[in-house]
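The values are calculated or read from the model by the stated rules, or taken from the named source; none is laboratory data. Fair warning: this is a prediction, and the values are worked out from it, not measured in the lab. Here the Cβ positions follow ideal geometry from the backbone for every residue, glycine too, while neighbour counts run over all protein chains shown. Side chains included, ligands, DNA and RNA excluded: accessible areas come from the protein's heavy atoms. Shrake-Rupley method; radii C 1.70, N 1.55, O 1.52, S 1.80 Å.
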Amino acid sequence: MEGHGGMAKKEKLLIIGGSAAGPSAAARAKRINPDLEVLMFEKGPFVSYGS
Amino acid sequence: MVVRTPQQFKEMRDIDVKTEHRVTKIDPKQKRIEVLNLSQSETQSIAYDKLIIATGARSRRLNLPGSNAKNIFTLKDLQDGIRIKNYIDEKRPKQVAILGGGFITLEMCEAFRLRNMETHVFCRRDLPAGNLEREISEKILKELQENGVYFLTQHEPAGFKTNSKGEVTTFETHKASYQVDMVLMAVGVIPNVEMAKEAGVELGKTGAIKTDFTQMTNLANIYTAGDCCEVFNLVSQDWIHTPLGDIANKQGRVAGENAAGGKASFPGVVGSAAFKVFELEVAFTGLGTQVARQYGFDVDSQIIEAESKVGYMPGSKRIFIKLIFEKRSGRLLGAQMTGKEGVARRINALAVALHQKMSVEEIARLDFAYAPPFSAPFDPILIAAEQAGKKLHS
């Protein structure tokens with residue numbers, strides 16, 4: 001996405017952690033601003049596993 | 001347990017998810033993070049405009065001789081659960097020792113007993129669920145014992161003896177030795193804050209990340225949510241660390257909305273939770289007697305027992321309720337409840353009462369839905385509040 005000729009650079013949100021708070025934050029952020037680039041990092045093999 | 005997969009995140013919401021990627025460093029000056037791809041051992045630097053720290057918490061482990069043995073488990077996430085299940089399926093352990101007397105322990109007792117494992121719980125305090133009122137904890141202890149769990153108190157863990165395969169065979173306390181072939185350490189969690197702290201993110205007095213009602217940290221463009229950060233308790237008016245999944249989801253929504261340019265806030269919690277120990281439901285909200293006193297409240301309490309439904313209805317069970325309230329005003333400060341039916345849902349009415357700062361006298365006059373299959377004309381909550389109200393003017 002970065003540096004595409006002439007296009008305004010997308011704002012980027014990074015999220016550290018993919019258990020419960022991370023996925024909720026990612027989904028909400030994207031809903032509020034669909035143009036936002038959202039990238040979530042999880043150290044384990046699963047996401048959304050929280051309880 | 002797994003609500004969504006990375007592919008679903010991408011397809012449904014255009015969110016990129018990188019699993020097996022460990023973030024190793026936050027650089028708030030350059031607005032960059034360092035990410036280690038665990039499968040390829042490669043580190044990458046990525047720029048952000050906004051960052052959300054949702055690093056969660058990890059199980060605390062007691063550092064004792066032999067405590068790295070491969071049949072000593074902790075339980076925090078899905079992977080831990082899979083490891084425990086696989087070990088039981090493969091090795092068929094017969095004797096498990098659980099260290100700690102909290103909610104994880106209580107829920108796992110049922111799982112182990114269902115597998116016919118001899119289950120010993122070692123607890124520093126004299127009762128299980130030591131954060132709850134004694135009268136509630138006593139009921140929990142009785143339920144454990146009736147289901148064949150051995151609950152041992154005042155044992156100071158000393159260490160583990162292992163065999164040539166690196167498996168624990170004996171658990172030793174300062175009093176005695178116990179033959180075991182599996183151990184579960186359930187002695188609490190620690191918030192994962194080290195990386196944030198190193199980047200200059202401020203921690204609160206609980207050791208978790210300090211935040212505000214918008215889930216901001218002290219650093220610009222960095223938000224936090226979930227088990228790694230604090231949450232405001234509306235009853236004590238204090239920031240606390242109470243790592244629970246529902247709170248994490250709610251804080252996450254607010255952090256996400258604000259990071260995306262919105263204006264959301266999370267006002268806090270009253271401290272509600274529920275769990276099940278074999279057939280016994282346990283639920284609580286607000287402050288316990290001791291904590292309320294520590295915060296300077298002049299505390300009184302009222303205990304009642306009542307039927308969950310009209311007595312002649314099949315399935316009606318005894319419900320035990322303790323209300324904790326302020327002496328002069330009668331303002332409700334907390335409630336704890338246990339019984340084999342109708343407990344976990346019922347506590348929510350009292351959570352609402354705490355949010356609204358209601359007095360026990362006001363609660364006693366609430367109009368609850370009534371029909372014989374669901375409750376009695378005087379619901380157990382109304383009886384408890386009525387009894388509590390009488391104490392105010394005596």
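A few comments on the model shown:
- Where residue B:247 falls short, out of the listed (1) within 14 Å of chain A (Cβ to nearest Cβ); (2) open to solvent by 50 Å² or more (accessible area, probe 1.4 Å); (3) free of Cβ contacts under 8 Å to residues at least 40 places away in the same chain: (2)
- Condition met for residue A:38 (outside any loop (DSSP other than H, G, I, E, B) and either at pLDDT below 95 or touching a Lys or Arg at 6+ places or on another chain (Cβ under 7 Å) (or both)): yes
- If you go through the range B:138-160 and pick out every residue that is within 23 Å of residue B:76 (Cα to Cα) and polar (S, T, N, Q), you end up with 0.
- Scan of the range B:14-40 for residues that are at the interface with chain A (Cβ under 8 Å from one of its Cβ atoms) and either assigned to a loop (DSSP other than H, G, I, E, B) or among the polar types (S, T, N, Q) (or both), ordered by number: B:14, B:19, B:20, B:38
- Residue match in the range B:251-274 (condition: under 14 Å from the mean Cα position of the chain (by Cα), within 14 Å of chain A (Cβ to nearest Cβ) and under 30 Å from residue A:37 (Cα atoms)): no
- Residue B:58 vs. criteria more than 10 Å from chain A (Cβ to nearest Cβ) and modelled with pLDDT of 95 or more: yes
- Search result, residues across the range B:362-390 that are in a helix (DSSP H, G or I) and either open to solvent by less than 80 Å² (accessible area, probe 1.4 Å) or at pLDDT below 95 (or both): B:363, B:364, B:380, B:381, B:382, B:383, B:384, B:385, B:387, B:388, B:389
- Positions within the range B:321-344 being over 28 Å from residue B:311 (Cα atoms), of a type in the set (D, E, K, R) and in a loop (DSSP other than H, G, I, E, B), in sequence order: B:327, B:328
- Residues (more than 30 Å from the chain's Cα centre (by Cα), open to solvent by 80 Å² or more (accessible area, probe 1.4 Å) and farther than 11 Å from residue A:40 by Cβ) located in the range B:8-37: B:11, B:12, B:29, B:30, B:32
- Exactly one residue among B:114, B:144 is open to solvent by less than 50 Å² (accessible area, probe 1.4 Å) and under 25 Å from the mean Cα position of the chain (by Cα), and that residue is B:144.
- Residues of the range B:166-186 classified as of a type in the set (D, E, K, R) and without any contact (Cβ under 8 Å) to a residue 24 or more places away in the chain, total: 2
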